Structure formats: C-alpha cells, structure tokens
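Below you'll find the structure, written out as structure tokens, and then a few comments.
The values are calculated or read from the model by the stated rules, or taken from the named source; none is laboratory data. Model, not experiment: these values are computed from the prediction. So basically every Cβ, Gly included, is an ideal-geometry build from the backbone, and we count neighbours across all protein chains shown. Note: areas computed on protein heavy atoms with side chains; ligands, DNA, RNA excluded. Shrake-Rupley method; radii C 1.70, N 1.55, O 1.52, S 1.80 Å.
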Amino acid sequence: MGTLLLKQYNIESVNAVLVGASEKTFRKWSLIYVRLIANLPVLDWEKRLENAPEGTTTFVSLDGTDFRILEPTEFDPKWFSHKFSGPGVRYEIGICIATGNIVWAHGGYPCGEWPDLRLARDAFIDHLEIDEKALADKGYRDNNYFENPNGDPLKKKILARHETANKRVKQFHSMKDVFRHVLTLHPSFFRACVNLTQIMIVNGEPLYDVEPLEQ
C-alpha cells in the first residue's frame with residue numbers, strides 16, 4: 001500500500017480499488033508503511049568516504065531540489081519556487097562522488113525563504129570534517145565549504161549525474177505531482193522516496209560512473 005501511494009499517487013478511491021480495500025483502510029495502512037519506509041536506516045553519511053582517492057577532501061556532490069505543493073490558503077511569496085513558478089518545498093540531496101550512493105537528505109522548507117546555501121548551512125556543513133568540501137553549483141557560493149565547477153568538465157559531469165538522481169526521486173508521482181496530503185507529511189514521503197531510490201541504486205540500478213575528484 002505504501003509503495004503504491006508513493007509511486008502512483010492516485011486519488012484515494014482509485015488506490016483503494018487497486019488493493020481491494022476500503023478507502024479508510026487504505027488511508028490508514030498506506031501512511032503507516034510510508035512512515036516505516038521513511039524511517040529505514042538506508043542513508044549512511046560515513047559511506048561518502050568509500051573508494052575515495054587518497055588525499056581527496058571532496059567526497060560528496062550536493063544539490064537542492066524543489067517539490068510542488070498546493071497553494072497555501074493565503075498567498076505568501078515564501079513558498080514560491082523559481083524552478084516551476086509556483087509554491088513548493090525545498091530539500092537537498094548529497095551523493096558520494098566515488099560510488100554514486102545517496103548519503104544525505106535534508107530539508108522540507110519553503111522554497112522562497114530557503115535558497116540552497118541557507119539550506120546547506122542549516123545542517124549539512126556541520127557534518128563536514130575540517131577542510132572537507134562538497135561539490136555544488138553556483139548557488140553555493142561559500143569557498144569554505146563548497147567547490148563550484150567553474151567550467152571544469154569533470155565537475156560538471158558529476159553535477160549532471162546528480163541531476164539524474166534528483167529525477168529518479170521524482171519518478172515517484174508523490175514527489176513529481178502536486179502534493180495533496182497535509183504538508184507535515186511531506187518530509188516522510190520525501191524520505192521514503194529517497195530511501196527507495198537508494199535501495200534501487202545498490203540493487204541493480206546504479207547511477208552512471210564518473211571519475212572521482214583528486215586533489
């Protein structure tokens with residue numbers, strides 16, 4: 001039930017028919033399973049270090065991604081996403097450069113109030129070791145914690161691969177479509193979809209390989 005809700009995100013009456021249950025039963029158990037999937041210990045920050053070249057201090061690529069939500073009752077520009085010109089919430093995803101595994105996910109904040117760099121400063125940078133940096137696009141202009149591509153072909157390729165991971169998360173229609181549930185549930189839906197994406201990455205659907213960064 002939970003994976004059906006995450007993947008197809010049909011209206012409740014349709015999903016209930018598909019599984020042969022009442023709408024009330026589907027609603028109860030699908031949300032239970034979504035929360036269970038969201039709470040699985042799938043992402044492992046320490047795995048960012050796997051297969052890293054000796055001497056490197058940049059292990060992760062980081063990128064923000066926006067998700068559509070229903071327009072709040074009263075219009076507020078804090079929700080506005082320039083990516084799709086409508087209300088949304090923003091998250092960030094971190095990927096190990098050497099392996100392509102998702103090792104970080106955080107966010108769920110109003111797009112208009114939380115640009116990428118502010119979101120990264122909310123939690124991500126506190127997990128970096130001394131002198132460690134992440135690879136990110138020009139939205140992350142802080143040389144203390146981030147490297148930007150600045151035209152480097154390899155760095156651009158790494159960030160292009162990162163976009164494919166974001167797109168995989170949005171293969172789940174609960175993340176691709178406008179989110180219809182109460183907004184407080186969005187982080188659980190997001191984390192469940194990220195966990196399932198990572199499970200697929202390590203079970204036969206890896207991201208394409210890129211050369212690791214070397215210092």
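Expressed as a whole number of Å, what is the distance separating the alpha-carbon centroids of the range 153-215 and the range 119-137?
Cα centroid of the range 119-137 versus Cα centroid of the range 153-215: 19 Å apart.
Whenever you get a sec, compute what percent of the accessible area on the chain sits on carbon and sulfur atoms (1.4 Å probe).
Values: 5660 of 11020 Å².
Carbon with sulfur: 51 percent of the solvent-accessible area.
Starting from a Cα-only point model with no solvent, please compute log10 I(q)/I(0) by Debye for the range 44-202 at q = 0.09, 0.14, 0.15 1/Å.
Calculated log10 I(q)/I(0) at the listed q: -0.29, -0.69, -0.79.
Would you mind working out the magnitude of the charge dipole of the chain relative to its Cα centre, with +1 at each Lys and Arg C-beta and -1 at each Asp and Glu C-beta, to the nearest 20 Debye?
Values: 26 positive and 29 negative charges, 197 e Å.
Dipole size: approximately 940 debye.
Run the helix sum for the chain: -39,500 (n - 2.57) per DSSP H stretch of 4+ residues, divided by residue count, reported at 222 nm to the nearest 500 deg cm²/dmol. Let's see the in-between values first.
On the way: 7 runs with 75 residues, N = 215.
Value at 222 nm, helices only: -10500 deg cm²/dmol.
7 Å from Cα along Cα→Cβ at both H82 and L183: what's the point-to-point distance in nm?
Inter-label distance under the simple model: 2.1 nm.
Are there any GluC sites (Glu not before Pro) in the range 34-99 that are in a DSSP loop and have at most 15 other Cβ atoms within 10 Å? List them by number.
Values: sites: E46, E50, E54, E74, E92; in loops: E50, E54, E74.
Sites meeting the loop and neighbour criteria: E50, E54, E74.
Can you give me the angle between helix 153-169 and the longest principal axis of the chain, using Cα atoms only, in degrees from 0 to 90, rounded to the nearest 10?
Helix 153-169 and the main axis of the chain meet at about 10 degrees.
For the chain, what is the percent of antiparallel DSSP beta bridges, rounded to the nearest 5? Write out the running numbers ahead of the final one.
Numbers: 18 of 24 bridges.
Antiparallel: roughly 75 percent of the beta bridges in the chain.
Let me check I've understood the local charge: for E46, count other residues with C-beta under 14 angstrom from its C-beta, Lys and Arg +1, Asp and Glu -1. What total comes out?
On the way: positive: K47, R48; negative: D44, E50, E129, E132.
Once positives and negatives cancel, what remains is -2.
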